[in-house]
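Colleague: Pasting a structure below so you can have a look.
The values are calculated or read from the model by the stated rules, or taken from the named source; none is laboratory data. Just so it is clear, the structure is predicted and the values come from calculations on it, not from any experiment. For neighbour counting, all protein chains shown are included, and Cβ atoms are generated from backbone atoms with ideal geometry for every residue, glycine included.
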Amino acid sequence: MSVKRFMNVHVRRAVTNGLCLRGVDVLTAQEDGTAEFEDDKLLDRATKLNRVLFSQDDDLLREANKRQQTGETVAGVIYAHQLNITLG
């Protein structure tokens with residue numbers, strides 16, 4: 001079973017397309033109408049949708065870490081640095 005992903009607006013479309021081609025269930029923030037959400041609201045939305053948030057945003061990691069430290073529920077975060085991610 002594949003983990004459903006919620007793609008942050010910062011993730012390149014080519015990454016999202018590559019995941020889709022591999023059969024991964026992907027929803028983008030743009031498709032969801034949440035592209036302008038702040039990090040805390042985006043994490044809330046991903047959790048409500050029961051999707052792991054895929055992001056390349058360093059600031060979002062701080063918010064996710066804060067939530068982890070305080071025991072707040074988060075569906076999960078996948079982080080890939082913008083300069084270190086490759087396609088293929």
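Colleague: Please go through (1) of a type outside the set (S, T, N, Q); (2) more than 14 Å from Met7 (Cβ to Cβ); (3) in contact with a helix residue (DSSP H, G or I) (Cβ under 8 Å, 6 or more places away or on another chain) for Glu38 and return the number of the only condition it doesn't satisfy.
Modeller: Answer for Glu38: the failing condition is (3).
Colleague: Name, by its number, the condition in (1) touching a Lys or Arg at 6+ places or on another chain (Cβ under 7 Å); (2) part of a helix (DSSP H, G or I); (3) at pLDDT 95 or above that does not hold for Arg45.
Modeller: (1)
Colleague: For segment 45-62, enumerate the residues that are exposed (fewer than 15 other Cβ atoms within 10 Å of the Cβ) and under 10 Å from the mean Cα position of the chain (by Cα).
Modeller: Those that are exposed (fewer than 15 other Cβ atoms within 10 Å of the Cβ) and under 10 Å from the mean Cα position of the chain (by Cα): none in segment 45-62.
Colleague: For segment 12-26, what are the residues that are surrounded by 17 or more Cβ atoms within 10 Å (Cβ to Cβ) and modelled with pLDDT of 95 or more?
Modeller: Val26
Yes/no matrix, rows are residues, columns are (1) surrounded by 14 or more Cβ atoms within 10 Å (Cβ to Cβ); (2) of a type in the set (Lys, Arg); (3) modelled with pLDDT under 90:
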position	(1), (2), (3)
Met7	yes, no, no
Ala64	yes, no, no
Gly71	no, no, no
Gly76	yes, no, no
Leu83	no, no, yes
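Colleague: Related question: State which residue pairs qualify: first residue in contact (Cβ under 8 Å) with a residue 40 or more places away in the chain and inside segment 4-15, second residue of a type outside the set (A, V, I, L, M) and in a helix (DSSP H, G or I) in any location, beta carbons under 8 Å apart, and separation of 6 or more residues or different chains.
Modeller: Sorted first by the residue in segment 4-15, then by its partner, the pairs are Phe6/Asp32; Phe6/Arg45; Met7/Thr16.
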